[in-house]
Structure formats: structure tokens, C-alpha cells
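**Q** The structure's right below; bear with me while I get my questions together.
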Amino acid sequence: MEGECRASPARSWGLPAGGAGGDSPGGDVPLPGSISSSALLQTEVLDLDEDEDDLEVFSKDASLMDMNSFSPLMPTSPLSMINQVKFEDEPDLKDLFITVDEPESHVTTIETFITYRIITKTSRGEFDSSEFEVRRRYQDFLWLKEKLEEAHPTLIIPPLPEKFIVKGMVERFNDDFIETRRKALHKFLNRIADHPTLTFNEDFKIFLTAEAWEFSSHKKQGPGLLSRMGQSVRAVALSMKGVKSRPEEFMEMNNFIEIFSHKINLIDKISQRIYKEEREYLDEMKEYGPIHILWSASEEDLADTLKSVASCIDECCKATEKRMSGLSEALLPVVHEYVLYSEMLMAVMKRRDQIQTELDSKVEALTSKKADTDLLTEEIGKLEDKVECANNALKADWDRWRQNMQNDIKSAFTNMAEENILYYEQCLATWESFLTSQTDLHLEEASEDKL
Amino acid sequence: MTESNFSLKKIEISVSEAEKRTGRNAMNMQETYTAYLIETRSVEHSDGQSVLTDSLWRRCSAFEWLRNYLLVYYPHVVVPPLPEKRAEFVWHKLSADNMDPDFVERRRIGLENFLLRLASHPILCRDKIFYLFLTQEGNWKETVNETGFQLKADSRLKALNATFRVKNPDKRFIELKHYSDELQSVISHLLRVRARVADRLYGVYKVHGNYGRVFSEWSAIEKEMGDGLQSAGHHMDVYASSIDDILEDEEHYADQLKEYLFYAEALRAVCRKHELMQYDLEMAAQDLASKKQQCEELATGGELFSIWVCGIIITNLKTFSLKGVTTQLFGQETPEQREARIKMLEEQIKEGEQQLKSKNLEGREFVKNAWADIERFKEQKNHDLKEALISYAVMQISMCKKGIQVWTNAKECFSKM
């Protein structure tokens with residue numbers, strides 16, 4: 001919610017026992033100052049949902065925090081940072097496990113749609129149970145994303161798979177499309193679960209746990225359509241004004257986002273194209289092998305050699321198929337997710353700019369003494385806090401995002417390289433064994449001739 | 001034309017250069033053609049050193065003349081084919097332009113291969129015209145013309161669509177014709193698909209090259225990832241450009257297959273020659289048989305006739321006149337004329353029997369010699385194609401090894417990001 005912001009730490013910081021007011025998250029959120037904790041990052045993030053009750057206890061500690069760099073209280077070596085961001089690799093720290101599977105088609109008189117089964121397993125206290133199973137459709141995911149964006153306008157919310165595929169398949173319910181979407185939705189929820197702030201979002205919890213009727217009634221709450229429209233109109237008006245001066249680091253960030261977006265889009269296109277070319281190569285190869293078998297039918301001496309060649313080509317086809325499936329699992333979805341991420345980043349940048357513009361316009365109003373100065377000053381004070389919160393939230397999340405991106409990209413491309421190495425190794429083995437068998441035969445024949 | 005003392009076994013032949021030339025043709029028009037330098041070296045026994053003995057330029061048409069001459073004078077031989085004049089089975093990135101240097105180069109190799117095939121053929125290597133082709137700079141064409149081979153050429157052999165109703169062809173030749181049809185069809189198909197595979201493979205490799213450029217641009221905004229991206233990009237470029245050499249090598253493999261594609265036609269030529277000879281033989285036999293029958297009819301017809309005539313005489317006593325009756329039956333021919341005819345026929349029959357005998361002999365000789373060469377050809381084919389398939393495997397292995405190296409390097413760069 002774009003409510004008031006307190007310069008307070010995330011409620012998920014969770015000093016034990018002394019945590020007044022708000023619930024403390026599950027017992028495995030460690031103390032500040034400890035090295036191995038994923039919660040270390042959480043300390044940088046400000047949860048705008050914060051209950052005021054926590055304020056007094058934590059505010060003093062919060063002031064020790066230099067939001068622009070890591071406090072000396074915590075180890076900040078890049079190595080420890082890298083270790084910490086791999087949430088998926090540290091199952092002992094995860095307390096929320098989500099799977100998305102079993103797409104099912106539903107037909108009503110008005111429409112046909114697909115729902116996905118979502119299973120959540122958790123040990124967190126605030127969840128009523130340790131296991132949940134619900135069904136959600138794409139619209140529901142969209143709702144969740146919007147709620148998260150509302151609540152955390154300058155956090156980098158994970159992207160959702162697209163509503164439609166523009167090129168290629170138009171059919172919404174094509175099997176490949178559904179499977180790709182399912183995997184992306186699974187990623188989406190897990191990324192939220194791994195996010196230090198978003199993981200504790202109330203709407204997220206409801207999304208994961210509420211029964212159908214409970215869920216739909218909950219969705220109807222919150223700012224109505226008209227007020228949402230009003231907000232966005234204001235936002236557009238503000239964005240038209242443009243940002244007067246972005247702080248240096250955000251200029252850099254924006255520059256990065258622009259270039260990154262361009263490059264990742266190109267890489268997405270290149271990767272898709274490679275997949276397509278490989279598919280066409282495979283199709284031709286599948287026709288190539290059998291011709292040798294056909295030929296062998298009219299030959300005597302050559303028949304065996306020709307059949308062997310055909311089987312080698314066949315093996316290479318299998319290797320190609322494997323390489324293709326490896327690409328489509330490891331590389332393509334990752335690259336595509338970051339294409340969507342880059343769009344998300346631009347939106348986040350815009351939202352941050354809007355918040356700043358709001359402040360700037362009020363400041364301008366004050367200096368030109370257009371309205372009641374006292375009121376303005378108070379408003380400005382609040383807005384300044386808001387801007388600082390927003391900026392800090394973004395900065396912290398940005399660093400986290402950069403790290404994640406680096407790891408994901410590194411991992412995706414390393415996998416691609418491995419798939420290719422494996423492919424060539426398999427083909428090599430096939431052809432080498434053919435060669436050996438042929439030269440062995442040569443030697444056999446030669447020795448036979450000598451006899 | 002053969003020269004029994006002459007042997008090309010201790011001679012090395014090479015087509016060492018190809019040159020584009022312009023000149024005026026028979027109709028005094030400007031034309032561009034390619035000329036090839038043929039160098040002949042004789043190998044000295046003692047030290048194995050080779051000495052350049054002859055060096056001359058020949059254009060394509062000369063090669064064609066040589067081959068056509070050989071086809072006429074050695075119909076029982078499976079005459080090695082010439083390389084293609086126009087680039088076919090081309091995958092689309094490769095130029096189909098006949099003047100393209102790569103094509104000209106492959107043609108040069110093909111022509112050299114043609115001459116080497118001739119030189120290693122037990123019969124053809126002794127041919128004088130072939131020898132002159134390698135050694136006689138001027139007037140070679142005139143020399144060939146003087147052999148009158150064009151006149152000797154049976155135009156029926158060229159008529160590809162002509163079918164001859166042959167009653168008793170040698171079954172082996174029928175099988176061979178089928179085999180050559182199948183060989184041609186399967187190799188064509190193989191070459192077509194290979195070209196498509198090459199095309200696709202080219203696409204896969206080249207698209208990777210784009211990674212190189214984008215990684216390089218991306219690395220500019222990255223601090224930690226930058227170096228890894230940049231160097232990985234370089235490897236992607238290496239990968240993308242490696243396909244050019246790979247496919248060029250494969251083109252040589254395709255050429256080896258193409259030679260045997262064209263050999264199929266040479267096989268068919270021998271079969272057709274046999275068919276023609278058999279046809280001529282059967283026609284001659286038929287002609288002989290009909291002449292014999294005619295003769296018999298003429299001869300025996302007289303005896304039967306006289307019996308019959310008596311009958312008529314007896315029944316037609318009033319109007320009987322021998323002359324009149326014979327005129328009714330034989331037209332204006334007199335017995336003398338008939339006798340003359342019979343004599344002529346008997347001579348023709350004698351001639352015909354001689355001809356048939358020699359044709360039969362010829363036919364059997366042809367079958368024997370042709371089949372000997374066909375057996376030789378089969379062995380050559382099996383050996384060569386096996387080698388070609390093995391060399392294909394070697395090429396694939398080399399391609400895989402290159403791939404492993406490039407991707408291993410790239411993986412290292414990625415892991416350092």
C-alpha cells in the first residue's frame with residue numbers, strides 16, 4: 001500500500017522474543033550479524049506494510065543501518081553475498097515450498113480457461129496449516145502481481161509469463177504453450193517466496209492458501225476500479241511532467257536497464273532462432289539417414305558400411321534432440337524471463353520517478369508559494385520519507401536482482417555450453433566407433449586376402 | 001588406336017592450374033572459357049624423382065572430345081565420367097556460379113581425377129589419342145577427327161529414350177541396367193538431402209555468431225560479468241566461422257559421390273551397346289531366316305506348283321496354256337527369272353550366315369570383355385565408395401572435436417562470469 005512509510009526495518013528482520021507487536025516469522029530467521037542467513041539481505045529492505053508497533057524497538061538499530069552500503073556489522077564480501085542469494089540451493093533455510101502443476105481445462109458457458117494446481121508446504125507459524133492445495137487461473141496470478149506492485153511499487157516484482165504469445169502459436173490451449181506457462185508460473189511463485197520482503201506479503205499468503213470462494217471474495221476488496229483508475233491517471237499526469245533530476249545512481253541504473261533490456265531481447269531472439277535452426281537441421285537429418293539404408297539394398301559389399309553410416313546418423317539425431325530439449329529447458333525460459341524482467345525494471349524505474357516527481361512538484365509549489373505553506377511542508381515531509389523509502393527499497397532490491405541475474409545467466413549459458421559439449425561428445429563417440437569397426441574390417445579383409 | 005609399347009604406368013599426371021580466358025569461337029564471337037594446364041611427369045626408376053616431360057593447356061571441350069572418342073572406340077569399357085559442368089546439388093550459401101573460383105577449383109580436381117582414372121585403366125591407358133592428349137600441343141583435335149570416330153559413333157546409342165525390343169538379352173546386363181538406375185536415383189537423393197542438411201547446419205553455426213556481438217556490447221555495462229561475457233563472445237565467433245571449412249571439406253565428399261552418380265550413366269552406355277548389338281544380331285538372324293524361307297518357298301513352290309498345274313490342266317483342258325498359267329501365278333516372271341532370284345537369295349543367305357556368325361562372335365567377345373571391365377569397375381566402386389564413407393566419418397569426427405573445444409572454452413568463460 002502506498003501508505004505512510006516509516007524508516008523502519010522489515011518486520012521480517014525479526015529479533016526474537018523481543019519482537020513486539022507483529023508476528024515474527026518462523027524460527028529459522030536468524031539474528032542480524034549472523035553470516036549465513038538469507039535474512040541478511042532482508043535487513044536492507046524496508047517493508048512498507050510495517051506495523052507501527054515494531055517501530056520503537058527497532059528504530060534505534062535501524063539508524064545504524066547505512067542503506068547505501070552494507071553495514072560493517074555484516075560481512076559484505078562478494079563471496080558471502082553470492083552464497084546467500086542462492087536460496088534455491090539452501091533448502092534448510094527455505095520454509096516455503098511451492099509447486100505449480102496439473103493444468104486443467106474448465107469449460108463454462110461464457111469461457112474456457114485453464115487452472116493450475118498450487119501446492120504449498122510450509123513450516124511458518126503464520127500459516128494455519130503446513131500444507132495447502134488450491135487451484136488458480138492466470139487471472140489470479142495477474143491479480144497477485146498487481147497487488148504486489150501496489151504494495152511495493154519500487155520492488156522488483158518477478159515477471160509473469162505473457163498473456164498471449166504474439167508470434168507463432170495463436171492457440172491458447174496448445175500443450176507446449178500450457179507447459180511453458182506452467183513452468184513460468186512455478187518460477188514466478190518461487191521467486192516471490194524467495195524474496196525477503198514479498199514472501200511475507202499478505203495477499204501472497206491468501207493466494208497460496210485461500211479456498212476458491214474465500215479467494216474470490218478477498219479479490220473484490222481493496223481499492224475499487226475507479227480509484228485504481230484515478231491513481232493511474234494521476235500517475236500518467238506525473239510521468240508526463242518528467243523527472244527533474246534523478247539521483248546519480250538511478251541514472252546509472254536506468255542506463256543499465258535500457259542497455260540490458262536491449263541486449264537481453266536480442267539474446268532472446270538469437271536463442272529462439274538457434275532452436276528453430278536446430279529443429280530444421282534435425283528434420284533434414286532424419287531424412288538423411290534412411291537414404292543410406294535404401295542404398296544398401298542395392299549393394300552387396302557396401303551394404304554393411306552404408307547401414308552403419310545410417311545408424312551413426314540416427315544416433316546423431318538422438319543427440320540433437322537431446323541438445324534441443326536441454327536448450328528449451330535450461331536456456332530459453334531463463335533468457336525469456338529476463339526479457340520480462342527488463343520490462344518490469346522499466347516499470348519500477350517509472351514508478352520510482354513518479355514518486356520523486358510528486359515530491360518535486362510539491363517542492364516547486366512551496367517555493368512558488370502557491371498554496372498553504374504549512375500544509376505543504378507537512379506533505380513534503382511525508383513525501384520525502386516516501387521517496388527515501390522507495391529509493392532504498394529499490395537500491396537494495398536492485399543489488400539483489402543483479403546478483404540473481406548474474407547467477408541465472410551464468411548458469412543458463414553454462415548449461416547451454418554443457419549441452420553442446422555433450423552433444424559433440426556423443427556424436428564423436430558414434431563416428432569413432434564406426435571408424436574403428438571399418439578399419440578392423442579392413443584389417444580382417446587384408447589378412448583374409450593374404451591367406 | 002593403341003600403342004602396345006606405350007604405357008602410362010610410370011607417369012604422373014596433374015591438372016595443376018585453371019585459367020579464365022577469352023577468345024573467339026568458331027562463329028568469331030567473343031567467349032569466355034576456362035583452360036587447364038596439364039602437366040606430365042615421368043618417374044625415374046632409380047631415384048623415384050619425377051621429371052616434367054610435358055606441359056600444355058587444354059580447355060573443357062578437349063576433355064569432352066577425348067571422352068567421346070573413347071566411348072566410340074571402347075564401347076565395352078565403363079569409361080570414367082567427366083566432372084559436372086554446372087554446379088548442381090548446391091546448398092544455397094554455396095555459389096552456383098560456374099565462374100566461382102571454388103567451383104573452378106573443384107572442377108580442376110575433377111578433371112585431374114578423370115585423367116588419373118584413364119591412366120590407371122588397364123585398357124584405356126594404352127590409347128594413343130589419350131597419350132597425344134597429354135603430349136601433343138597443337139592439332140590434337142585434327143588428329144582425333146582423322147580417326148573418324150564421329151562417323152563410327154552409333155547415333156542410336158545417344159538416343160536415350162529408344163527402346164529396342166530385344167528378345168534374348170544377357171540377363172546380367174538387364175540387372176546391371178537396373179542397378180545403374182537405382183544407383184543414380186539413390187545418389188541423387190542423397191546429394192539433395194546432404195545439401196539441405198549442410199544448409200541447416202550452416203544456419204545453426206552462423207546464428208551463434210550473433211551472440212558474439214551482443215555479448216560484447218553487454219559486457220560494457222557489466223562489472224563482474226563483463227570479462228566472461230566478452231571472451232565467451234569471442235568463442236562464439238570462432239564457432240560460427242568454423243562451419244565454412246567444415247562444409248568446404250564436405251563438398252569434396254559430395255564430389256566423390258557425384259563421380260559415381262555420373263558413372264551410372266557410363267554403365268548404362270555399356271548396357272545399351274550390348275542391347276544394340278543383340279538387337280542387330282537378332283535382326284540379322286530374323287532377316288536370314290526370312291530369306292531362307294523365301295528361298296525355300298521359291299524352290300518348293302515350283303514342285304507343288306507343277307502338281308497343282310496338272311490339276312488345272314486336267315480341269316481346264318480347253319483353255320490350258322502353260323505360259324498363261326504361270327503368268328497367272330507368277331506375274332510376268334519366267335522360270336529363268338525365278339532361278340536367278342533363287343540364286344541371288346542363296347548368295348545372300350550365305351553372306352548372311354557369315355555375317356551372323358561374325359556378329360555372334362562379336363557379341364560374345366563384347367559380353368566377355370564388357371563383363372571383365374564391369375567386374376573391375378565393381379571392385380573399384382566398392383573400394384572408392386567405402387573410402388569416401390570413411391572419409392565422411394573422419395570429417396564428422398573432426399567437426400565434433402572442434403565443437404568440443406570451442407564449447408569447452410566458452411563454458412570456462414561462462415563459469416568465470
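What follows is calculated from the coordinates using simple rules that are stated; it is not laboratory data. None of the values given here were measured: they were computed from a predicted structure. Cβ: placed from backbone, ideal geometry, glycine included. Neighbour counts: every protein chain shown.
**Q** Amide H neighbours of B:GLU17 under 5 Å, at least 5 residues apart or on other chains, H built in the peptide plane: list them.
**A** Distant-sequence amide H within range of B:GLU17: B:LEU37.
**Q** A further question on this structure: Taking K and R as +1 and D and E as -1, what net charge do the other residues with C-beta under 13 Å from the C-beta of B:GLY209 add up to?
**A** Around B:GLY209, the surrounding residues sum to 0.
**Q** List every residue whose amide H lies under 5 Å from the amide H of B:TRP57, counting only residues 5 or more places away in sequence or on a different chain, with H placed 1.01 Å from N in the peptide plane.
**A** B:ILE38
**Q** Apply the Karplus curve 6.51 cos²θ - 1.76 cosθ + 1.60, θ = phi - 60°, to the phi angles in the stretch A:106-117 and return the couplings in whole Hz, x for Gly and Pro.
**A** 10, 10, 10, 5, 8, 8, 10, 8, 10, 10, 10, 7
**Q** At R0 = 35 Å, how high is the FRET efficiency between A:GLU149 and B:SER241 if r is their beta carbon distance? Nearest 0.05 is fine.
**A** For R0 = 35 Å, the calculated efficiency reads 0.15.
**Q** How many Cβ atoms of partner chains, on average, are near each residue of B:198-206 if near means within 10 Å of its Cβ?
**A** Mean partner-chain Cβ count within 10 Å for B:198-206: 5.
**Q** Which whole number gives the average count of other chain Cβ atoms within 10 Å of the Cβ atoms across peptide A:249-260?
**A** Whole-number average of other-chain Cβ neighbours for A:249-260 is 1.
**Q** When a/c is below 1.5 the answer is rounded, else prolate if a/b is larger than b/c, else oblate, so apply that to chain B with a ≥ b ≥ c taken from the square roots of the Cα gyration tensor eigenvalues.
**A** prolate
**Q** Next up: Going by the alpha-carbon gyration tensor, a ≥ b ≥ c the square roots of its eigenvalues, is the stretch A:260-330 rounded (a/c under 1.5) or, if a/c is not under 1.5, prolate (a/b greater than b/c) versus oblate?
**A** It is prolate, given that a/c is not under 1.5 and a/b is the larger ratio.
**Q** Let me ask another. When a footprinting reagent is the concern and you count Cβ atoms within 10 Å, what order do A:HIS186, B:HIS208 take, fewest first?
**A** A:HIS186, B:HIS208
**Q** Let me ask another. Mean residue ellipticity at 222 nm from the helices of chain B, using -39,500 (n - 2.57) per DSSP H segment of n ≥ 4 over the full residue count, to the nearest 500 deg cm²/dmol?
**A** For chain B, the value works out to -24500 deg cm²/dmol.
**Q** What list of ³J(HN,Hα) values in whole Hz, one per residue of the stretch A:402-412 in order, does the Karplus curve 6.51 cos²θ - 1.76 cosθ + 1.60 (θ = phi - 60°) give from phi, with Gly and Pro shown as x?
**A** Whole-Hz 3J(HN,Hα) from phi for the stretch A:402-412: 4, 4, 4, 4, 4, 5, 5, 5, 4, 5, 4.
**Q** Also, quick follow-up: Using a 10 Å cut-off on Cβ atoms, rank the peptides A:302-310, A:106-114 from the highest mean neighbour count down.
**A** Descending packing order for the listed peptides: A:302-310, A:106-114.
**Q** Calculate the spin-label point distance for B:SER61 paired with B:GLU248, positioning each point 7 Å from the Cα along the beta-carbon direction, and give it in nanometres.
**A** Those two pseudo-labels are separated by 3.3 nm.
**Q** Using a 10 Å cut-off on Cβ atoms, rank the peptides B:268-281, B:240-253 from the highest mean neighbour count down.
**A** Ranked by mean Cβ neighbours within 10 Å, highest first: B:268-281, B:240-253.
**Q** Between B:GLU12 and residues 5 or more places away or on another chain, which pairs have amide H atoms under 5 Å apart, with H built 1.01 Å from N, and which residues are they?
**A** Residues meeting the amide H criterion: B:ARG41, B:SER42, B:VAL43.
**Q** Tell me which lysines have Cα within less than 22 Å of B:LYS85's Cα, excluding those fewer than 8 residues away on the same chain?
**A** B:LYS20, B:LYS93, B:LYS141, B:LYS158, B:LYS258
**Q** Tabulate in residue order the Karplus-calculated ³J(HN,Hα) for the stretch A:342-357, using 6.51 cos²θ - 1.76 cosθ + 1.60 with θ = phi - 60°, rounded to whole Hz; enter x for Gly and Pro.
**A** Per-residue couplings from phi come out as 5, 5, 4, 4, 5, 5, 5, 4, 4, 5, 4, 4, 4, 4, 5, 4 Hz.
**Q** Could you list, in their original order, any pairs among B:LYS291/B:LYS368; A:LYS94/A:LYS183; A:LYS187/A:LYS395 whose Cα atoms are separated by more than 26 Å?
**A** B:LYS291/B:LYS368
**Q** Where does each of B:HIS383, B:HIS235 land when they are ranked from fewest to most other beta-carbon atoms within 10 angstrom?
**A** Listing B:HIS383, B:HIS235 from fewest to most nearby Cβ atoms yields B:HIS383, B:HIS235.
**Q** For the stretch A:95-221, what D do you get in µm² per second when you plug the Kirkwood radius from alpha-carbon pairs into Stokes-Einstein at 25 °C and 0.890 mPa s?
**A** Translational diffusion coefficient: 160 µm²/s.
**Q** Tell me, what is the FRET efficiency for B:ASN28 and B:ASN369 to the nearest 0.05, using R0 = 30 angstrom and their Cβ-Cβ distance as r?
**A** Computed FRET efficiency for B:ASN28 and B:ASN369 comes out at 0.10.
**Q** Further, regarding this structure: Looking only at other chains, what is the average number of their beta-carbon atoms within 10 angstrom of each beta-carbon in B:179-186?
**A** Taking all residues of B:179-186 together, the mean is 3.
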